[in-house]
């Protein structure tokens, strides 16, 4: 069956014994997009661009912990939810509810090509992502794939094995106009090339 995903901003990294907190999340249907990962993981996509806009310096979630959580992803240790009087194990997807959903205004991040991972001191230049074969002008968007949890467990997921998939999940992310190495003259951040192709 198809796996559904939600773009989530998490609270501060939990200390020992604490649980993850879903600070906010954005629902793809609010932006006329599908719930499956590869239905919306393309550059120029309204849903991803709107979420991404909130990670810029002018956004409400600049330098926040991000995860693209799938409903088939692993459960959170010791976390339970109650639905219709029954207790269930919970993952981040199931911790999203009406009370922490946000609906930002549609955003455009065309002028923000750099996605920075402040936890790992890495960055990606979206302009260097190759076009999808036979889809002229269309490129995969790195953010959902780098931060996803649960990929490979349902239909509509990214098809292909790669160490980058999910490797930025729960890390502190921002989206920037400028290359961090050139702009700040520092080598603290290392560029990685996101050239994934579906198998």
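Over the Cα atoms of the range 132-194, how large are the radius of gyration and the largest Cα-Cα distance (Dmax), in Å?
Radius of gyration, then largest Cα-Cα span, for the range 132-194: 14.4, 43 Å.
Return the calculated 222 nm mean residue ellipticity for the chain, to the nearest 500 deg cm²/dmol, obtained by summing -39500 (n - 2.57) across DSSP H runs with n ≥ 4 and dividing by the residue count. If you can, show how the numbers build up before the last one.
Details: 4 runs with 22 residues, N = 199.
Helix-only estimate at 222 nm: -2500 deg cm²/dmol.
Taking only C-alpha pairs under 8 Å that are 6+ residues apart, what is the relative contact order of the chain in percent? It would help to have the intermediate numbers written out before the result.
Numbers: 419 pairs, mean separation 54.1, N = 199.
Over the chain, the number comes to 27 percent.
Going highest first, how would you order 47-60, 95-108, 168-181 by mean Cβ packing within 10 Å? Walk me through the numbers on the way to the answer.
Details: 47-60: 21.0, 95-108: 13.1, 168-181: 18.9.
Averaged packing, sorted descending, gives the order 47-60, 168-181, 95-108.
To check my understanding: the extent here is largest minus smallest coordinate of the Cα atoms along each principal axis. What are those three numbers for the range 5-191, in Å, largest first?
For the range 5-191, the Cα spread along each principal axis is 54, 40, 34 Å.
Values quoted throughout were computed directly from the atomic coordinates according to the rules given, and no laboratory measurement underlies them. It should be emphasised that the depicted structure is a prediction, and the values quoted were computed from it without experimental measurement. Counting neighbours? That spans all protein chains shown, and the Cβs are built from the backbone with ideal geometry, glycine included.
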